[in-house]
Every structure is written in structure tokens, then in C-alpha cells.
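The values are calculated or read from the model by the stated rules, or taken from the named source; none is laboratory data. Here the structure is a predicted model, which means the values were calculated and not measured. All Cβ positions, glycine included, derive from the backbone under ideal geometry; neighbour counts span all protein chains shown.
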Amino acid sequence: MVFENKHNLDLPYITLYNLIYTLYKGTTMNRFEARLDNLSHEIWAKITQIEELKGRWSAGTQLSPQTLGRLKRSVLITSTGASTRIEGAKLSDEDIEKMLRGISIQKFTNRDEQEVQGYYELLQNVFDSWEEQGFNESLIKHFHKELLKHVEKDTLHRGDYKKQENKVEMIDAQGKSIGTLFDTTPAYLTPKEMTELVEWTKQAIDEKKYHSLLIIGNFIVEFLNIHPFQDGNGRLSRVLTNLLLLQQGYLYMPYVSHEKLIEDNKPDYYLALRKSQKTFKTDKEDVNTWLDFFLTIFLKQSQMAIGLITAENIETLLSPKQLAVWEYLQTVEQASPQEIAEKADVARPTVNQVLNKLQEMKKVERIGEGSGIRYKKV
């Protein structure tokens, strides 16, 4: 942009710079808003479905802390494995679990293990303390430093925006690049574009001008288009997705892996990024393809979360003792609490607690009163 001082105003240089920056910044903000003002009906239909499921989760979940903890531990491993494999790592979920338990895995490189350790620890921090994290550039740089803190080759650039150009490549199942998807923002423009993106995202969330899912989706696709760090951008984008969705009230993020769904749909993920990003900074920016993919993945994640509190998945919600009571009730027409305690080998006071929980979940029905009380599965 060229600024003409048509009236020969004697403005200080810093004032001219600030004016130029303000005008340019306004252009960038308008770009983001133009994208989100031209969305398909399919986008809005998916948002409506997601919001309905969000309400069902909030109203219907009565999962115990033990169950939530068990689900979270499982998702941490699954998400870590999926997110690092998308970028070319080769560790399976089983390998990762062994590694985190301190079992040496000789067949993998130190780099794979270092990247896995960093992702696991950072995602765990997000799951445990998302309410305390203020979204800003400092946090993003801190997250990048934490993500790569165990990776020896990244010591010099972790936590800092890139100093040289990079590109987005598609990685195959063997961890090899099979082509460049697109060129990213030049290094010298990266700080400015990241500042504009983060400021717009914060302001849009605060003002609620757009639905939060649209704001988050726009942030992620633009973040990946800028590719602000020398390495780790894809992994960091998925950590930030978890953080932003949690902060906007989608509290089931730690219990169903977002990363695994992306890994399972990796070709569509790359194609959606490419199709939308190649329109950026043109006269007809179009983010529909990316948002459709992003919302399709999140809709599936939301449906799976609701599935956790249905009868079909009850086994995932119960502790071992609770599960023993439930499994015994599957084998009989009805039984008294004492019979259940004896056959399931669970203490009578615990049986009473489990039966109360199963009643709240509408999985068992109480028959009779007093000493003749009996229970049967619904």
C-alpha cells in the first residue's frame, strides 16, 4: 500500500507509520469478515447440529471423576499418536503408552519420541488448565516452546517466529513428503500477520459478531496459511483447536480425540486446506471448503461424545466394580442387592452406590420396596 500525503501535512514519521498500519490492518480485518459473510447453508446446518449436541452433553452427562479421568488418559495417548503421525512420526498408540511408562522402544528415532513427549505434555496442560490460559501471541509462542522443548534439533527456533521461508507439504503414510501444498507467508511479514490474526480472533470472540466455531475455524486455516514457525505448525494448530473449543464451552474435547478424526481423514484435511487457502488474498476469498471439513470433523466428535453417555457405550463409563454389577445384571431377569454383591464379588455398600448410579443413568429399574427390593436392567 502506498500512502500519499496529499496535503503536505507535517506529520511525524511514527504517526504516518501508525496510520499506514491502521489502514492495512483494516484491510486484513475486512478480508476475514468477508470470508465469514459468504457461507453455505451446509455450514449453518452443521453448526445447528453441533449446538444441539453440545446442549445434550451439558444436560445429560453425569460421568464420575474416575470415568472422566480414564477417558482423558486414553484420549491423551490417542491424540498424541494421531497428531504426530499426521506430520510423519511412526509411533503407534501402543508404542506411545509404553514410552510414557518408561519402556524403551529401540526401533524409533529419538526425534519421534521427543515430539511425542512434547505433544503429550502440552495437550495434558491444555486439558487440565484451559480456563487459566489467556489467548494471545505470548501464549502461542509459549505453547510452541513447550511443544518442542524435548526436540534437540529445534532448540534454536522454538518459541520464535520463523526467520526463513517454509512451505506446507503433504506427508504420506511412510512419513515422506509427496508434494508442496502451498507457499506460506514470507518470514518478514509473519509477525505482522500473526498480530492481526490474533487481535481479530480475540475481538471477534469478545464481540460475538460471528459464531465461535466460525471464528475458531478461520483462525486455524489462517494460522496454517501463515505457518508462523519453522516447524511444529500443524501440531500446534491442533493443540490450539483444543484450547479454543474448550474455552468456548465445548467441554467434551478431552474425552474424544479431535486429532484421531483428522488422521483418519487426512487426504480430505489437506485438500480442504489447499482449496480454501489458494483463494486467500485474491478478489474472491472462499473459506467454505475448509469450514465444511472442520465442522464435519467436529460434528463427528460431538456425536461420539454423546455416544459416551448412551447405553451402547456404557462399558466406557463404568469403573471395574460398577462394570461387574452391570455385567451380572445382564445375565439375570432380576436380582436383589445381596445376590448382586455375592455373584459380582462386590461389597454390599458399593453395590448400593452402583445401583443408584445406574438408576440415574436409566440403565436399571427398581422393583418392590423394603426387604423385597430387586433390580433389573432396562
Taking the stretch 272-281 as the search range and keeping residues that are in a helix (DSSP H, G or I) and in contact with a helix residue (DSSP H, G or I) (Cβ under 8 Å, 6 or more places away or on another chain), which one is surrounded by the most Cβ atoms within 10 Å (Cβ to Cβ)? 276
In the stretch 84-104, what residues are basic (Lys, Arg), assigned to a helix (DSSP H, G or I) and closer than 24 Å to residue 237 by Cβ? 85
Among the residues of the stretch 50-79, count how many are closer than 29 Å to residue 292 by Cα and touching a Ser or Thr at 6+ places or on another chain (Cβ under 8 Å). 8
Would you please name the residue that is modelled with the lowest pLDDT, looking only at residues in the stretch 362-376 that are assigned to a strand (DSSP E or B) and either surrounded by 16 or more Cβ atoms within 10 Å (Cβ to Cβ) or polar (S, T, N, Q) (or both)? 364
Verdict on residue 359 being in a helix (DSSP H, G or I), of a type outside the set (Lys, Arg) and within 35 Å of the chain's Cα centre (by Cα): yes
Take the stretch 144-168 and flag every residue that is part of a loop (DSSP other than H, G, I, E, B) and in contact with a Leu (Cβ under 6 Å, 6 or more places away or on another chain). 158
Among the numbered conditions (1) surrounded by fewer than 17 Cβ atoms within 10 Å (Cβ to Cβ); (2) in contact (Cβ under 8 Å) with a residue 24 or more places away in the chain, tell me where residue 117 comes up short. (1)
Would you call residue 284 among the basic types (Lys, Arg), assigned to a helix (DSSP H, G or I) and at negative phi? no
For the stretch 61-79, give me the residue count where each residue is free of Cβ contacts under 8 Å to residues at least 12 places away in the same chain and under 19 Å from residue 241 (Cα atoms). 2
Answer yes if at least one residue in the stretch 42-60 is in contact (Cβ under 8 Å) with a residue 24 or more places away in the chain and aromatic (Phe, Trp, Tyr), and no otherwise. yes
Pick from the stretch 34-48, criterion of a type outside the set (A, V, I, L, M) and surrounded by 15 or more Cβ atoms within 10 Å (Cβ to Cβ), ranking: modelled with the highest pLDDT: 46
With the structure loaded, tell me whether residue 296 is closer than 29 Å to residue 260 by Cβ, at pLDDT 85 or above and of a type in the set (Val, Ile, Thr) or whether it fails that test. yes
Hey, residue 249 hits all of (1) part of a loop (DSSP other than H, G, I, E, B); (2) on the phi < 0 side of the Ramachandran plot but one; which does it fall short on? (2)
Failed item in (1) closer than 17 Å to residue 135 by Cβ; (2) out of contact with any Lys or Arg (no Cβ under 7 Å at 6 or more places or on another chain), with residue 218 passing the rest: (2)
